[in-house]
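Since the structure comes first, as structure tokens, the remarks are kept for the end.
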Amino acid sequence: MNFKQNGLSRRTFVKASAALGATAVAAASGVKMARAAPAELRYFYRAPWPSSEVYANWLIDEWNKKNGDRVHVTGASVDGETYKTKQTIELSSSNPPDLFYSWEGGRGKEIVDNGFSADLTPYYEKYGWDKKLNPAGVTLSVYNGKKHFVPTEMCASVVWYRKDIYEKLGLKVPTTWDELMANAQKGKEAGLAAFMLANQKKWPSQFMWSAILVNKHGLDVYDGLINGTIPWTDPRAVDVTAIMQKLAQDGMFEPSFNSIDLGPAMVPWTQGHGLHWYQGSFNLGRFRGDQPQCCVVPMDFFPMPAFPGKKPVMSVFAEDTIMIHANSPNKDAAAEFLDWMVSDAAMSKKLEIDKPFPSNVNSDLSRLSEMEQRLGKAMAESGSFTFMHVDHATPPAISDKFLDGVQGVLAGAMSPEDAMKLTEDEAARVKKS
Amino acid sequence: MASSASRFDDGTFVGFARRHVFVTMFGVAVPLLVFACFIGYPIVYTIYLSFFEWNGMAPQKKFVGLANYAYLLHDKYFYIALVNNAKWLIVSLVFPVSLGFLIAYVMKARLVFAPSLLRTIVFFPVTMSLIAVGLMFLLILNPVFGAFDTLLRSVGLGFLVHEWFGDYRIALYTLAVISGWAFTGMPMIFYFAGLGDVPKETFDAARIEGAGHWRMIRSVALPQLRPVTAIIVMLTLFESLRAFDLIAVLTKGAPFGMTNVLGYLVYMESFWNSRFGYGAALSVVILVIAGSLAAVLLGKVLKGAFDV
């Protein structure tokens, strides 16, 4: 090779080669000298709504921008329906996620009992989560005296009603069950669905069932059913199922209620064909539609009214909850990321991108409509945990049979007694195993 | 060489293997190994798992012997799913298989305009994912804004409008018919190919003898297509037992478990209710049912169908 001809001296070539070699060696081994590799966190979450995904991505991106050189987070999501089935596989794998979404109640207990969830009590103390998180959510996180998850979204179940139709029919907000039934009857006579149910996926009807049971027979009875100290065949559980059956037989629900899912049910709701809808506040995402503030139609809420001689109880529960895997090598970093998730800034952003309600009671709710702010305040002031609906409270095997039973009753294919027996048989099997 | 060949030519597999090393390796050993790893091992492990109680999370499985099978015998959901699978199979045999045959026949007999176009249209759904098919029919049959009900009402057939997925008396048939819609192209293409192998002279002779289309179908086409029918019936049988996708998308077993089939029940029990042992027991039962039905069909109903 003629170096002179190419304008490159032998000395220059040797120098350049040496520099290149040194750079390569430095690149291969020297990065560690300059900076330690960041801790890698895997966050496995459930994304039931498109906005859930957008918000999770924002959370991760913002974190990585600020802390990615120290603690880098990678997210992986599964849609709402299939998350439960994927979760088992992920958690028991040899490379489990550091942080993961978990349901509260029965499903959460299964995870805790199988040793997948780290005790977060020390982190609650370290970050002061007790003080800033919704008390109901904090109470729900306790299993065997230890806190196992951090709630990131809280929900309440209330009776949503069409304000404009109420005004048109001259109805007043009911304060008792009888008044509610009288309003429902007037709605029905006006050709409306007194209550929207949208029970295609069989879980929506449980909200009304749980609320009627708690308000009519008391929270202790409901807790007894959930804890297995009262059998599901108890006359009080049968009575509530019979009330639901009667509502269906009297045509109080929308036509084809067992064939319609929540999304399509928004059509008759917005068209003014429904008067009430007892459902969780997670539905606010749908009620809000494309608007920045709720709602696409004039509507408001009231808690499930009281039965004679009873004080009404509003169901406040944790919709989104995050655990740290017991085998995570980076628990401290994971807790730090969790603290970011429930920070004032992140939770306020959640209201902008996702749906209410944040678990952080200090979150700025001013972005929400007056109605949503009122509900958020009521939830924050509701004190400790009230009750969860059945499929959050019990293990999936039991709730699955319960939901089948109630749907069967509503379809007129099963008696309330048989539906509760179906549930009790499964509860007995689970207890035995 | 000749002497060594004769030395190995003892009529045994070893002899064959020594003479045909490449064929033995890649034609027998490797496929057997692949089968053992990806089919054999899962089957054996499923049978093993069916004797345990396991939630999929606990490190230890609890041996329960035949308890899962005993539970299965008294499980109402199992029987509902079993009967639903039978109904699904019957609908699949009656609707897509018969329709597929008829379409193939009318195309072959040139009784329709543009048979190639028809063939493409009928076969197209076979190429679609059942998940996509399910989502499409979820919209078409929606009781609030579905096109099908609107169409029925607009042509004065409003009395036929039903809760296609919500009415427990018809929901399963709705699913089976949707599945049939997606599957019709498969028997059609098999029969179309099979009819091509039937000698033209046979049809010509029948026509000269004065046979009409019905007679030709009954006396010429169907007997000649027995091997094809055997394959299609077997495929339909296994397709029916594997039914899962449409149920997962459209009903999830609702209303109250009345649209559960065995495949979906396995999924529900294993992954939703965290009963992997019981799910495995159900899988073993599906295996036994599929094997038994295949044996009966091939040994009795379709005996000799492949002897061509």
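The values are calculated or read from the model by the stated rules, or taken from the named source; none is laboratory data. Being a predicted model, the structure only gives us computed values, none of them experimental. For neighbour counting, all protein chains shown are included, and Cβ atoms are generated from backbone atoms with ideal geometry for every residue, glycine included.
When the residues of region A:406-433 are narrowed to those that are in contact with a Phe, Trp or Tyr (Cβ under 7 Å, 6 or more places away or on another chain) and either on the phi > 0 side of the Ramachandran plot or of a type in the set (Gly, Ala, Ser) (or both), which ends up farthest from the other protein chains (Cβ to nearest Cβ)?
A:ALA427
Checking the conditions here, which among A:SER399, A:SER382, A:SER366 is within 13 Å of chain B (Cβ to nearest Cβ) and either under 21 Å from A:THR321 (Cα atoms) or assigned to a loop (DSSP other than H, G, I, E, B) (or both)? Full working, then the answer.
Working: A:SER382 fails: within 13 Å of chain B (Cβ to nearest Cβ); A:SER366 fails: within 13 Å of chain B (Cβ to nearest Cβ).
From the options A:SER399, A:SER382, A:SER366, the qualifying one is A:SER399.
Out of the residues in region A:387-396 that are part of a helix (DSSP H, G or I) and not β-branched (Val, Ile, Thr), which is nearest to the other protein chains (Cβ to nearest Cβ)? Please lay out each step first, then the result.
First pass over region A:387-396, keeping only residues part of a helix (DSSP H, G or I): A:390-393, A:396.
Checking the rest, the ones that are also not β-branched (Val, Ile, Thr) come to A:391-393, A:396.
Numbers: A:ASP391: 11, A:HIS392: 15, A:ALA393: 16, A:PRO396: 5 Å.
Once the filter is applied, the top-ranked residue is A:PRO396.
Taking region A:164-197, which residues are in contact (Cβ under 8 Å) with a residue 24 or more places away in the chain, surrounded by 15 or more Cβ atoms within 10 Å (Cβ to Cβ) and of a type in the set (D, E, K, R)?
A:GLU179, A:LYS188
Determine whether A:PHE253 is under 19 Å from A:MET299 (Cβ atoms), at pLDDT 95 or above and within 14 Å of chain B (Cβ to nearest Cβ). Steps first, answer last, please.
Working: under 19 Å from A:MET299 (Cβ atoms): yes; at pLDDT 95 or above: yes; within 14 Å of chain B (Cβ to nearest Cβ): yes.
In short, yes.
Looking only at helices (runs of 4 or more DSSP H) that fall completely inside region B:1-112, which ones have 2 or more residues that are within 14 Å of another protein chain (Cβ to nearest Cβ) and surrounded by 11 or more Cβ atoms within 10 Å (Cβ to Cβ)? Break it down stepwise before answering.
On the way: elements: B:2-8, B:13-19, B:30-35, B:41-49, B:67-73, B:76-92, B:98-108.
In region B:1-112, the matching helices (runs of 4 or more DSSP H) lie at B:67-73, B:76-92.
Identify all residues within region A:98-130 that are assigned to a loop (DSSP other than H, G, I, E, B) and within 14 Å of another protein chain (Cβ to nearest Cβ); write none if there are none. Lay out the reasoning, then the answer.
Initially, region A:98-130 is screened for residues assigned to a loop (DSSP other than H, G, I, E, B), giving A:98, A:102-104, A:114-116, A:118-120, A:128.
Of everything in region A:98-130, those that are assigned to a loop (DSSP other than H, G, I, E, B) and within 14 Å of another protein chain (Cβ to nearest Cβ) turn out to be A:SER102, A:TRP103, A:ASN114, A:GLY115, A:PHE116.
Working only within region A:200-218, note down all residues that are in contact with a strand residue (DSSP E or B) (Cβ under 8 Å, 6 or more places away or on another chain) and either free of Cβ contacts under 8 Å to residues at least 12 places away in the same chain or not hydroxyl-bearing (Ser, Thr, Tyr) (or both). Lay out the reasoning, then the answer.
First pass over region A:200-218, keeping only residues in contact with a strand residue (DSSP E or B) (Cβ under 8 Å, 6 or more places away or on another chain): A:204, A:207-208, A:210-211, A:214-215.
Answer for region A:200-218, where residues must be in contact with a strand residue (DSSP E or B) (Cβ under 8 Å, 6 or more places away or on another chain) and either free of Cβ contacts under 8 Å to residues at least 12 places away in the same chain or not hydroxyl-bearing (Ser, Thr, Tyr) (or both): A:PRO204, A:PHE207, A:MET208, A:ALA211, A:VAL214, A:ASN215.
Suppose the filter is part of a helix (DSSP H, G or I), out of contact with any Ser or Thr (no Cβ under 8 Å at 6 or more places or on another chain), buried (at least 17 other Cβ atoms within 10 Å of the Cβ) and in the same structural domain as A:PHE287 (by TED's automatic domain parsing); does A:ALA265 pass it? Outline the logic, then answer.
Numbers: part of a helix (DSSP H, G or I): yes; out of contact with any Ser or Thr (no Cβ under 8 Å at 6 or more places or on another chain): yes; buried (at least 17 other Cβ atoms within 10 Å of the Cβ): yes; in the same structural domain as A:PHE287 (by TED's automatic domain parsing): yes.
Criteria met by A:ALA265.
Suppose we keep only residues that are under 30 Å from B:ALA193 (Cβ atoms) and surrounded by 12 or more Cβ atoms within 10 Å (Cβ to Cβ) within region B:129-155. Which one would you say is farthest from the other protein chains (Cβ to nearest Cβ)?
Residues of region B:129-155 under 30 Å from B:ALA193 (Cβ atoms): B:129-134, B:136-137.
The next check asks that each one be surrounded by 12 or more Cβ atoms within 10 Å (Cβ to Cβ); those that pass are B:130-134, B:136-137.
Values: B:LEU130: 16, B:ILE131: 12, B:ALA132: 16, B:VAL133: 18, B:GLY134: 13, B:MET136: 15, B:PHE137: 13 Å.
Checking each candidate, the answer is B:VAL133.
Could you go through region A:71-86 and let me know if any residue there is assigned to a helix (DSSP H, G or I) and of a type outside the set (Ser, Thr, Tyr). Step through it out loud before you land on a result.
Going through region A:71-86, the residues assigned to a helix (DSSP H, G or I) turn out to be A:83-86.
Next cut, of a type outside the set (Ser, Thr, Tyr) only: A:84, A:86.
Looking for residues that are assigned to a helix (DSSP H, G or I) and of a type outside the set (Ser, Thr, Tyr), one finds at least one in region A:71-86, hence yes.
Residue under question is B:THR46, and the condition is that it be more than 30 Å from A:PHE116 (Cα to Cα) and among the β-branched types (Val, Ile, Thr); does it hold?
Details: more than 30 Å from A:PHE116 (Cα to Cα): no; among the β-branched types (Val, Ile, Thr): yes.
For B:THR46, the condition - more than 30 Å from A:PHE116 (Cα to Cα) and among the β-branched types (Val, Ile, Thr) - is not met.
Being assigned to a helix (DSSP H, G or I) and small (Gly, Ala, Ser) is the filter here, so list the residues in region A:136-190 that pass it.
Going residue by residue through region A:136-190, those that are assigned to a helix (DSSP H, G or I) are A:136-140, A:163-169, A:177-189.
Across region A:136-190, the qualifying residues are A:ALA136, A:GLY137, A:ALA182, A:ALA184, A:GLY187.
Quick one: in region A:342-356, which of the residues that are crowded, with 22+ Cβ neighbours inside 10 Å and closer than 18 Å to A:LYS66 by Cα is modelled with the highest pLDDT? Outline the logic, then answer.
Within region A:342-356, the subset crowded, with 22+ Cβ neighbours inside 10 Å is A:342, A:347, A:350, A:354-356.
Okay, now just the ones that are also closer than 18 Å to A:LYS66 by Cα, so A:342, A:347.
Working: A:VAL342: 96, A:MET347: 92.
Out of the qualifying residues, it is A:VAL342.
Conditions (1) surrounded by 14 or more Cβ atoms within 10 Å (Cβ to Cβ); (2) under 22 Å from A:GLY285 (Cβ atoms), marked per residue:
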site	(1), (2)
A:ARG42	yes, no
A:GLU53	yes, yes
A:ASN57	yes, yes
A:THR74	no, no
A:TYR83	yes, yes
A:ILE89	no, no
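Going through B:PRO143, B:PRO199, B:PRO187 one at a time, which residue ends up being without any contact (Cβ under 8 Å) to a residue 24 or more places away in the chain and either in contact with a Pro (Cβ under 8 Å, 6 or more places away or on another chain) or within 24 Å of A:GLY263 (Cα to Cα) (or both)?
On the way: B:PRO199 fails: either in contact with a Pro (Cβ under 8 Å, 6 or more places away or on another chain) or within 24 Å of A:GLY263 (Cα to Cα) (or both); B:PRO187 fails: without any contact (Cβ under 8 Å) to a residue 24 or more places away in the chain.
Being without any contact (Cβ under 8 Å) to a residue 24 or more places away in the chain and either in contact with a Pro (Cβ under 8 Å, 6 or more places away or on another chain) or within 24 Å of A:GLY263 (Cα to Cα) (or both) holds for just one of B:PRO143, B:PRO199, B:PRO187, which is B:PRO143.
Test each condition in (1) under 17 Å from A:THR85 (Cα atoms); (2) more than 14 Å from every other protein chain (Cβ to nearest Cβ); (3) of a type outside the set (A, V, I, L, M, F, W, C) for B:TYR278 and report the one that comes out false.
Unmet condition: (2).
Can you spot a residue in region A:351-360 that is within 30 Å of A:ALA248 (Cα to Cα), free of Cβ contacts under 8 Å to residues at least 40 places away in the same chain and charged (D, E, K, R)? Steps first, please.
Taking region A:351-360 first, the residues within 30 Å of A:ALA248 (Cα to Cα) are none.
No; the residues of region A:351-360 include none that is within 30 Å of A:ALA248 (Cα to Cα), free of Cβ contacts under 8 Å to residues at least 40 places away in the same chain and charged (D, E, K, R).
Is it the case that B:GLY196 is at pLDDT below 95 and in contact with a helix residue (DSSP H, G or I) (Cβ under 6 Å, 6 or more places away or on another chain)?
On the way: at pLDDT below 95: yes; in contact with a helix residue (DSSP H, G or I) (Cβ under 6 Å, 6 or more places away or on another chain): no.
Against the criterion (at pLDDT below 95 and in contact with a helix residue (DSSP H, G or I) (Cβ under 6 Å, 6 or more places away or on another chain)), B:GLY196 does not qualify.
I'd like the full set of residues that are among the β-branched types (Val, Ile, Thr) and in a loop (DSSP other than H, G, I, E, B), limited to region B:251-269.
B:THR251, B:THR259, B:VAL261
I'd like the full set of residues that are over 25 Å from the mean Cα position of the chain (by Cα) and assigned to a helix (DSSP H, G or I), limited to region A:245-262.
Listed by number, the residues that qualify are A:GLN245, A:LYS246, A:LEU247, A:ALA248, A:GLN249.
Inside region A:63-96, can you point out the residues that are within 14 Å of chain B (Cβ to nearest Cβ) and either in contact with a Ser or Thr (Cβ under 7 Å, 6 or more places away or on another chain) or of a type outside the set (S, T, N, Q) (or both)?
First pass over region A:63-96, keeping only residues within 14 Å of chain B (Cβ to nearest Cβ): A:78-94, A:96.
Matches in region A:63-96: A:VAL78, A:ASP79, A:GLY80, A:GLU81, A:TYR83, A:LYS84, A:LYS86, A:THR88, A:ILE89, A:GLU90, A:LEU91, A:PRO96.
For a quick check of your reading of the model, give me the residue pairs whose first member lies in region B:257-275 and is facing chain A (nearest Cβ under 8 Å), whose second is among the basic types (Lys, Arg), with beta-carbon atoms closer than 7 Å and at least 6 apart or on different chains.
Within 7 Å, the pairs are B:TRP272/A:LYS84.
Residue by residue through region B:218-250, note down the ones that are at pLDDT 90 or above, farther than 25 Å from A:ALA198 by Cα and either within 12 Å of another protein chain (Cβ to nearest Cβ) or not in a helix (DSSP H, G or I) (or both).
Answer for region B:218-250, where residues must be at pLDDT 90 or above, farther than 25 Å from A:ALA198 by Cα and either within 12 Å of another protein chain (Cβ to nearest Cβ) or not in a helix (DSSP H, G or I) (or both): just B:LEU225.
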